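Step one of this worksheet: look at the structure below.
Any read-out appearing in this document is the output of simple, stated calculations on the displayed coordinates, not a laboratory observation. These figures come from a predicted structure and were not determined experimentally. FYI the Cβ positions are ideal-geometry reconstructions off the backbone, even for glycines, and counts take in every protein chain you see.
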Amino acid sequence: MMDSVLLKLARLIRNELNYLIRQPLFGVACVLVPAVGYLFTTGLTVDAPSFIVQIQLKYVALVMLILPVYMGAMLPNVFLREQNSAMAELVNATPTTALQRALAKVFGFVLITWLVFAFTFLFIGLVAFFTSSTQAMNELVYLELLIDWARFSLLLLLPTVLGYVAIGIWMAKWQTSVFSFYAFSLVVLVCYLVLASLTGNPILAGSAIASESLYQWALWLDPLGFTPLFTEFTKVEMVSSAGVLTSFPTIFTLNRLGVFVGALLLIAACLRTCDGKTELPLSRSSIRGSTLSVTPSTENVELKGTGSSPWVALFHKTLNSVCVNKVTLLILLAWPFLIFNEVLSGLSYVEPFAEKSTNSLDAINRINSDVLPVFGSLLMALWSWQITGLFVSHKSHKLIATTPIKNKTILAAQMGVGGVLVFVLLALTVLGCMVAELVGGSDVVVSIYVVEFSRIGLSLGLLVSLFISLQHIAQNRMISSALIVALLVFKFTPISGRLGLTHTLWNIAGSPLQQSDHFWGSTGSDSVFVPYMVIWVLVVSLCIVIANAVSHRGTFYGNKLLSFHFVKHPCKYWLGFGLAAVCVLMIFRLEQQLVAEKPLTYSHHREAWKAEYEHTYRHWLDKPAPVVEHIDANIKIEPTIGAGQFELRYRLRNKSEQVITSFLVSRYGNFESPTLFVERTNKGRAAPNSNNIIEAGQVNGQNVVTLAQPLQPDETVTLVARFELQQPKLWPATSQFYIKPEMTYLRGSPLLPVIGFQPEWMLRSPQLRAEYQLPKMPTLMPSERFSTRPYQLAWQRELAYKWATYSSKIQVPTGYKAIGPGELTRSEQVEAHTVFHFESDQPMRQMPSWFVIPVEADKTNENEWRIVQQGVGDVITEVYVPNTQHVSDAQLKSAIEINQLGMADTLTWLSNEIKPYPHRQLRMFAIPNNGPTGFAMPQAMLIGYDVGFMALPTAEAVFDQRYRRAVHETAHQWFGHDIGNGISEDGAFLVESLAKYVELVMIEQRYGQEAKDALVKYEKRRFENKQRFYYGTEKGLVDATSPHQQYSRATLAFDLIRTELGDEVILEALRLLWSQHGYPNEPATSMNFVAALKSVAGEVHYPLIEQALQKALYVD
């Protein structure tokens, strides 16, 4: 008896496997899962400590991002096939029990799914193994790879698959709608992505631990087990509240066993409800749905007798059907609460210990770059499915096709419904935002809502129209749905880059518009919105015209005759042909302008350019080149039209002992090659020499200058470079330069031409270097490269500072003020322009910057700037900040004072303790939120407007973040622009880590010991959170490359050194460092500071210094 039951079950399982193997959808999955899984996960590589961990992260990405999609597509085919095929009664009549059939389904589907994904795991691992350029690939790694594959397949994959199947069989008891399973997979994917982003998942860029308690819960209850798995990678241990030491491998194993047992219990509970013959029980609604699937019904789709036009009747019926749908109702009811929570949770947050007063712009910015676009796009896909599937779901679409309703009427009604749903979604979003503002005490500005949501509404409206059109164009709704999913994947994931298809137009129905801010609104990118939206309006219009032509009243059957009809009646399709031609021309024109404004448009363009640059000009690295001593800049800026004209005169000196006959003039590939000519001094006068040869290089922007008269040692020559600069209109303003009426910012690097080969432009990635057939680059860390002499330099010919003096003549329209390197010597009025003259008497690092700001309001700029000066000894500090409506006069004055206090304290202390500040001015400029919140250049520093001038300390703050940031950026005048430059092969220790040391001292001197301890505690917490999910190779502080180590770990290390050795030892080491390596001596390296600190502290403190600065892991 038992043998016959087992034999029957085995036959059922075999039949189930045969059924699944013959399913077209499964065949597609067998191809796409390995292909898409490999392509997608290769784009998710992080700096992992080993090859094995890299492979494990690929497995994780596959399970997290692709398995839910697979389950959503396959589960209905397994558990709903009898109901949806109207064969439940026929199957129940077979000599098998429902329990046997359910067991066969579960076992067969689990087995075949496990095999597909386990094979994909193995495929990804083997491909990575055999294509890796790592020298550590050997038999031991191969064996470890196989063991790890087996472990992941059993512990990670099998419980997860069982969990999905358990929920699927439970859902099949209550639902006969295929869409419910689609919605389930989508909800699982989105919700887990949210959870992962809040628990520091390394697969998701920018994710961090949002709550310690949430993280602790996720360690044990993460349904996929990734949280304990990732922590296992870092080899960390956890002490519970009871004092018990628990290893994360143990937590991971227990987590997976819990999921496995839970899934089995749920499956068993579902199978217990099966009786002897019938299938899983169905609810009454499910039975009625089954009846509808057998017999077409027009009871709920009656369109006559309404006394209105067909369009109104269709519109009303479709809208009513979507709005009464339970899923839609649930979403619409929950949406305002989701928006309310998202907005209110971080409305006034700026950074730890800082908050700000807010208005509607801050509220909208909480949702308009992630929540609303992502979830809104998913809702557009959902509603397009519901709108176009109304009559299909009732099996009445063929009946509708026999009515005299025109196809364009159906399309227009469906588009109208889509527009209404977009309006409802935006209205609910506004409701959630406004309530959050009222609760949070924010200023409600209605005009901001109108502007921002008009843009968002246009994008969502185009998206739903596009999706509805695609549902009509495709012959099969599954094909159209797959196409829509593919478009969403390209829109919101980096897969297009991995496929080599990077383009701004992959932001479907969107544009590269940046978030508006309080500094200049949307000025930084408003010029990009209209061109992109015009193209998308044309593209969507074309899709609507095609949909109208190829479908027959919603039956999707008309496109089979389309080609014949085109040939026979081409005049009927003139609108479609015309729109297609216009779309092609507009996209072609857009592409041309994108490339013209930014030749290195995408990452693969930049990689190819850098590889070609190195291939072509690497030999110039071994040739002597003249050194820039002085740059005389003649600049004309027209902010209102975004244009600038430059004439730069470089005084070059041959400081080598060899004669120079030619040299390379380089310019980064995003900029056009300048017009060059050489001047030689003749009887005290500089004159062009036409016998010099200026040869344009093979690579864009490069020129080779061959001198008619060789440059002897210590001789000088003048190189003149002329070029123009135009603010891009199809690219947002970057943090490198912009010319706008609100502010002009020009940074010398990478804007200006430079002399000689530039190692900074070489590719660093070993994979990319191998791909472009470049020689391997040594991967020595600074502690290895600079530990002993001679230094093991990879690309730097010699160690020398690149400093120069500057003179600038800047012409701007009257009402604007220009600022350049050095001191303002004079200004003069020339017709409708003002000319400002600046001179620097002391050499400085070759990173000049020029600024133009409005000092009088006009039609193009409503906010003039405030300029506040303060004397600090012989130095004048200057703060430049715009007067905006959102920040009161008193608050702005207070912010300026606290920033100037940070500048003054740091200037005074470093000038007294290390070396006097060499210039007469130190300037701070407020900047928009389109780059880093702080950045320093010689004589100038940039501070984000939000963090530097809008922010206020929170009630619990014991120090002011504005003060700390001003201290940090001021410290870079010593650490970064005095020492810490001239050696491109060194790390960031002398720049960032020593600036963090200055923070500690200044915070303690200004706010006291308690404030310093609070800063250390904050940095320790931030370091631990980031370190939990840091998978890179462990390095000492002097070799650190990750920001959390360069910043947070530096604070902890110097706090330890200060406690044990005292500030005087550190300062004496710094004074020794400057005496030996200050300009114009040989530049300092990180290891020079370590050596200086050891020499001052004495041999007894060597272990402490090595532990804090050189050991692989700092432990408090």
Inset, instruction - Please give the FRET efficiency for Gln792 paired with Arg1071, using the beta carbon to beta carbon distance and R0 = 22 Å, rounded to the nearest 0.05. - result: 0.20
Inset, instruction - Beta carbons within 10 angstrom, averaged per residue: use that to sort the peptides 743-753, 317-327, highest first. - result: 743-753, 317-327
Inset, instruction - Calculate one ³J(HN,Hα) per residue across region 250-255 by plugging θ = phi - 60° into the Karplus curve 6.51 cos²θ - 1.76 cosθ + 1.60, and present them in order as whole Hz with x for glycine and proline. - result: 5, 4, 4, 5, 5, 4
Legend entry - Quarter of the Cα convex hull surface for region 863-974, i.e. its orientation-mean projected area (nm²): 7.2
Legend entry - 5 angstrom amide H check on Met937, placed H, neighbours 5+ away: Leu942
Inset, instruction - For Val958, enumerate residues with amide H under 5 Å from its amide H, sequence gap 5+ or separate chain, H modeled in the peptide plane. - result: none
Inset, instruction - Return Phe260, Phe109 ranked ascending by Cβ neighbour count within 10 Å, so the fewest neighbours appear first. - result: Phe260, Phe109
Inset, instruction - Report, to the nearest 10°, how far helix 407-440 tilts away from the longest principal axis of the Cα atoms in the chain, using its own Cα long axis and a range of 0 to 90°. - result: 60
Inset, instruction - Please give the calculated 222 nm ellipticity per residue for the chain, where each DSSP H segment of at least 4 residues contributes -39500 (n - 2.57) and the sum is spread over every residue; nearest 500 deg cm²/dmol? - result: -16500 deg cm²/dmol
Legend entry - Difference of contour (0.36 nm per residue) and Cα-Cα distance, Glu856 to Phe130: 254.9 nm
Inset, instruction - May I ask for the angle, rounded to the nearest 10°, between helix 51-65 and the longest principal axis of the chain, with both axes built from Cα atoms and the value confined to 0 to 90°? - result: 50
Inset, instruction - Using θ = phi - 60° and the Karplus relation 6.51 cos²θ - 1.76 cosθ + 1.60, list the HN-Hα couplings for region 1068-1085 in order, rounded to whole Hz, with x at every Gly or Pro. - result: 5, 5, 5, 5, 5, 4, 5, 5, 8, 10, x, 4, x, 6, 5, x, 7, 10
Legend entry - Spin-label pair Val444/His604, simplified geometry with 7 Å Cα→Cβ offset, distance in nm: 5.0
Legend entry - For region 466-483, Karplus couplings with θ = phi - 60° (6.51, -1.76, 1.60), whole Hz, Gly/Pro x: 5, 5, 5, 4, 5, 5, 7, 6, 6, 6, 10, 5, 5, 5, 5, 5, 4, 5
Legend entry - Under 5 Å, built H, 5+ apart or other chain: amide partners of Glu864: Ala857, Asn883
Inset, instruction - Would you mind classifying region 800-931 by shape? Square roots of the alpha carbon gyration tensor eigenvalues, ordered a ≥ b ≥ c; an a/c under 1.5 is rounded, otherwise it is prolate if a/b is larger than b/c and oblate if not. - result: oblate
Inset, instruction - Pull out the extension gain between Phe492 and Ile641, defined as 0.36 nm times the separation in residues minus the alpha carbon to alpha carbon distance; nm, one decimal. - result: 50.3 nm
Inset, instruction - Can you tell me the FRET efficiency between Arg764 and Thr1059 if r is taken as the Cβ-Cβ distance and R0 is 35 Å, rounded to the nearest 0.05? - result: 0.45
Legend entry - FRET efficiency for Lys893 and Lys406, using Cβ-Cβ distance with R0 set to 56 Å, rounded to 0.05: 0.25
Inset, instruction - With a ≥ b ≥ c taken as the square roots of the eigenvalues of the C-alpha gyration tensor of region 987-1109, please select rounded if a/c is under 1.5 and otherwise prolate if a/b is larger than b/c or oblate if it is not? - result: oblate
Inset, instruction - Nearest 5 is fine: what % of DSSP beta bridges in the chain come out antiparallel, could you say? - result: 85
Legend entry - Sorted by Cβ neighbour density within 10 Å, fewest at the top, the residues His518, His604: His604, His518
Legend entry - Segment Leu221-Val261, length gained on full extension (0.36 nm per residue, minus Cα span): 13.1 nm
Legend entry - Ranking of Lys610, Lys1094, Lys1017 by count of other Cβ atoms within 10 Å, fewest first: Lys1017, Lys1094, Lys610
Inset, instruction - Rank-order 428-437, 91-100 by packing density, defined as the average count of other C-beta atoms within 10 Å over each peptide's residues, highest first. - result: 428-437, 91-100
Legend entry - Spin-label model distance (nm) - Leu143 vs Ile52, 7 Å beyond Cα toward Cβ: 1.2
Legend entry - Protection proxy ranking of 619-630, 1039-1050 - average other beta-carbon atoms within 10 Å, highest first: 1039-1050, 619-630
Legend entry - Tilt relative to the chain, helix 1050-1061 - C-alpha long axis, 0 to 90 degrees, to 10: 50
